[in-house]
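Encoded as structure tokens, the structure appears first; notes follow it.
Read the figures in this text as sums done on the coordinates, not as results from a lab. The shown structure was predicted, so the numbers you read here are calculated from the model rather than taken from an experiment. Reconstructed Cβ throughout: ideal geometry from the backbone, glycine too, with neighbour counts over all protein chains shown.
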Amino acid sequence: MLMHMERLPAQRARSWGRRAICAGLALGQFGCATMSLQPLPSTERIVATRQAPENAERVTSQITQDGSIVHLQLDSDCQIQTYNRVETIQHSTTVNKGAWGDWAFGISGAAFAGLGVWGLADSSKTYSNDTTSRTYNPVGKGAEQGLAVASLIAGGVLAGIAVVDVVRAQHDEDRSPTYAERRGALAGTCPSRPVAAASISGAFAKGSTTPIPLGSTDSAGSLDIELAAHPPPMPSMPSGDFIGEPYGESLTISSNGTDVGTVPLSAAYPSWRLAWKQAAASGAAAAKALMDQGKREYQEEQLGQQRLAQERENATLDQIDSDFTKLEKTKRWGDDESALFVRASKAISGIVNAQTAANEAKLSPRAAALWDRCKRLLQSPAFKQRVAEIKTAEAAEAAYRNSPQGRAEASEARAERAQSDRREDCEHACPQCGSDNDCTTRQFCVAQCKK
């Protein structure tokens with residue numbers, strides 16, 4: 001019995017310690033719950049009202065015609081429109097996103113508080129920790145009361161967290177009001193109002209699907225349309241007489257894309273036919289003028305090309321004349337004179353061939369004179385002496401080539417050419433430098449080819 005009475009207080013102490021640890025862990029893990037604002041339906045109220053006249057969608061038109069002049073009057077029905085200034089307030093409420101944690105805190109807090117009350121009540125049965133007493137208890141009555149108080153405090157804290165979150169979740173919030181003007185109900189009608197700055201166009205019954213612009217209404221909603229001043233495109237008439245009514249008998253008038261009436265075109269066709277005939281005549285005259293201008297430009301271009309060609313030919317003839325004059329004054333020709341005669345004779349020969357081909361064997365006086373000078377130079381003593389010198393030099397060269405010394409030099413030259421060809425073939429067959437730019441092998445090969 002004594003052993004049981006001594007061990008019971010120790011077990012209670014360990015149990016109370018574990019409770020305190022659990023309370024601390026729970027408090028550190030959860031804490032206060034997270035709150036968020038959830039929007040609620042907004043409230044609206046009208047804070048001000050105004051009324052203003054405005055044009056209705058219905059438009060009435062009055063069209064009168066005097067010959068080819070059309071008078072158009074556009075009026076719009078008037079209505080009194082109500083505009084309300086509306087105040088809007090957005091409401092929101094606080095939502096507890098961790099309600100399950102508050103339930104856990106509340107239940108845990110109640111449990112810890114109950115254990116604390118039970119501990120305080122049970123502490124009266126705990127023996128003291130007096131070591132001289134026969135009923136010695138290592139924990140003692142005071143320690144158990146302290147643990148009970150700690151349990152009460154932990155329970156109060158946990159329950160307090162739940163209570164605080166409940167209070168926080170009861171918070172509502174309103175945003176600053178916003179204001180906007182909205183159309184309300186119609187409050188009545190007012191006198192008709194003119195439609196100003198309306199875009200007016202006309203569409204033909206046939207011949208063209210493209211509307212023609214006729215103008216815009218003035219501030220009084222009226223517009224005078226001169227149909228004769230708005231001719232449609234010139235129709236294509238095989239006879240060119242522009243008879244009949246190619247665009248139909250009437251014109252549909254529209255305001256901003258809405259048809260407002262039709263007018264006959266019989267009074268406008270005479271003016272249109274006259275405009276079409278004038279356009280056709282001016283078009284034919286313009287076409288003829290354009291053709292004449294093209295012909296003149298072509299002739300001027302041809303004359304320019306002929307003038308340029310003549311200038312180039314005259315420059316060539318001047319050079320030939322200068323070369324022939326120099327050759328005629330030279331008594332003995334060398335290599336330079338021979339080359340000069342070849343160049344000049346080729347140039348005059350080309351000019352003579354071109355002129356005879358274009359003018360049926362007729363030469364210009366200057367070209368004919370230079371051609372005669374070329375023929376005389378071919379019969380001159382200087383030319384004949386030069387030809388004889390060239391023949392003598394060619395004969396001497398041929399005799400030398402056929403001599404033993406000449407044949408030996410030719411053989412030696414052929415041997416050198418053959419050796420050079422073999423050396424080039426050998427170098428071409430040598431390996432290229434390696435990927436690391438190592439050219440030792442190629443250099444050795446090329447050196448061997450030169451031996």
Discussion item. Taking only the Cα atoms of segment 348-451, how large is their convex hull per residue, in Å³?
Written reply: 246
Worksheet item: Taking the inverse of the average 1/r across all pairs of different Cα atoms in segment 301-402, what Kirkwood radius in Å do you get?
Response: 15.5
Worksheet item: Peptides 375-387, 255-267: what's the order by average Cβ count within 10 Å, highest mean first?
Response: 255-267, 375-387
